Amino acid sequence: IKKIKEHTIPSEEITVHMIGQKIHLALKNLYHDKKAYFSEKELMLDLKKELYKDIYQDEVLKFHMDLWLTKLKSFVKNEIKRFSEGYKIKKLEKSYKKLYNGFMLVGQIDRVDEKEDELYVLDYKTGKITKPTSKSLEKETNFQLQFYKILTDAKLSAYYDLNSALVVEENLFDEKLELLDSKLEGLKEKEIDFFKTEELKRCEYCPYKLICGSSLR
């Protein structure tokens, strides 16, 4: 509301979030000029170059990248399989916006693949993928994949689990889409009473938690 921009505080600490960002950037740069690979060896070599780029003498970060390169061997195999099946990369880190049910939805998507004129949205995940249940559905606040589906009219909007190298579809996807529509309708009918959440885990990656004092509670 106040247009306050995020301020990053310099830190020597290597966090899970930092590693995830590094891997996302490496994958973006990897496919910037080459939209498909058909050799595991070539893909692995180029991926390694991107992961090690700008690390210099940071042995701790290099250690983490070494660990991820071992994990990403399965990812490389799956990528070659996807490309051989006709998938090709159409967009990387692309921002989309669309008017939907009276609201302007905005999202930046990691990757959009295309096959036979159909779009497939893939959101890279280096961490754990949480799955909603029928009991927890009404409390859901994460509609990321639903946004991406709406923004692109994709045939599939799913997570790309970099740990298992699997494309993971979200369970209860259609139910969450209906819930999103319901919540948007609700937003039209009343003023929003903004208050601090009591679930501090939601504040972990918020750049404004120091301002509101969430990190001090």
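The values are calculated or read from the model by the stated rules, or taken from the named source; none is laboratory data. Small disclaimer: the values here were computed from a predicted structure and weren't measured. Counting neighbours? That spans all protein chains shown, and the Cβs are built from the backbone with ideal geometry, glycine included. Heavy atoms of the whole protein, side chains included, go into the accessibility calculation; ligands, DNA and RNA do not. Shrake-Rupley method; radii C 1.70, N 1.55, O 1.52, S 1.80 Å.
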Since PHE38 meets every condition but one in (1) open to solvent by less than 60 Å² (accessible area, probe 1.4 Å); (2) at pLDDT 95 or above; (3) part of a loop (DSSP other than H, G, I, E, B), which condition does it not meet?
(1)
Extreme residue, nearest to GLU116 (Cα to Cα), among residues of the range 137-160 that are open to solvent by 20 Å² or more (accessible area, probe 1.4 Å) and aliphatic (A, V, I, L, M)
LEU156
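Please determine, by comparing only the residues of the range 113-144 that are over 20 Å from LYS88 (Cα atoms) and within 14 Å of the chain's Cα centre (by Cα), which one is modelled with the lowest pLDDT. Don't jump to the end; show me each part of the working.
Start the filter on the range 113-144 by keeping residues that are over 20 Å from LYS88 (Cα atoms), which leaves 126-144.
Right, trim to within 14 Å of the chain's Cα centre (by Cα) and you get 126-130, 142-144.
Details: THR126: 94, GLY127: 90, LYS128: 90, ILE129: 91, THR130: 87, ASN142: 91, PHE143: 94, GLN144: 94.
Applying the filter and picking the extreme gives THR130.
Would you check if SER157 is polar (S, T, N, Q) and in contact with a strand residue (DSSP E or B) (Cβ under 6 Å, 6 or more places away or on another chain)? Before the answer, list the steps.
Working: polar (S, T, N, Q): yes; in contact with a strand residue (DSSP E or B) (Cβ under 6 Å, 6 or more places away or on another chain): yes.
For SER157, the condition - polar (S, T, N, Q) and in contact with a strand residue (DSSP E or B) (Cβ under 6 Å, 6 or more places away or on another chain) - is met.
When residues of the range 107-136 are filtered for being in a loop (DSSP other than H, G, I, E, B) and crowded, with 17+ Cβ neighbours inside 10 Å, how many remain? Full working, then the answer.
Residues of the range 107-136 that are in a loop (DSSP other than H, G, I, E, B), as a first pass: 116-117, 126-136.
Checking the rest, the ones that are also crowded, with 17+ Cβ neighbours inside 10 Å come to 126, 132.
Counting residues in the range 107-136 that are in a loop (DSSP other than H, G, I, E, B) and crowded, with 17+ Cβ neighbours inside 10 Å gives 2.
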Among the residues of the range 76-95 satisfying the criterion of being touching a Phe, Trp or Tyr at 6+ places or on another chain (Cβ under 8 Å) and surrounded by 12 or more Cβ atoms within 10 Å (Cβ to Cβ), which is nearest to GLU189 (Cα to Cα)?
LEU92
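For the range 142-174, name all the residues that are free of Cβ contacts under 8 Å to residues at least 24 places away in the same chain and of a type outside the set (D, E, K, R).
Across the range 142-174, the qualifying residue is only ASN142.
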Filtering the range 184-196 for residues that are in contact (Cβ under 8 Å) with a residue 12 or more places away in the chain and either open to solvent by 80 Å² or more (accessible area, probe 1.4 Å) or assigned to a loop (DSSP other than H, G, I, E, B) (or both) leaves a count of 2
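I'm trying to understand the selection: among the residues of the range 160-183, which are within 26 Å of PHE103 (Cβ to Cβ) and not in a helix (DSSP H, G or I)? Outline the logic, then answer.
Applying the first criterion (within 26 Å of PHE103 (Cβ to Cβ)) to the range 160-183 yields 169-183.
GLU169, GLU170, ASN171, LEU172 - these are the residues of the range 160-183 that are within 26 Å of PHE103 (Cβ to Cβ) and not in a helix (DSSP H, G or I).
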Could you go through the range 41-53 and let me know if any residue there is outside any helix (DSSP H, G or I) and at positive phi.
no
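Of all residues in the range 149-159, which are part of a helix (DSSP H, G or I) and not charged (D, E, K, R)?
ILE150, LEU151, THR152
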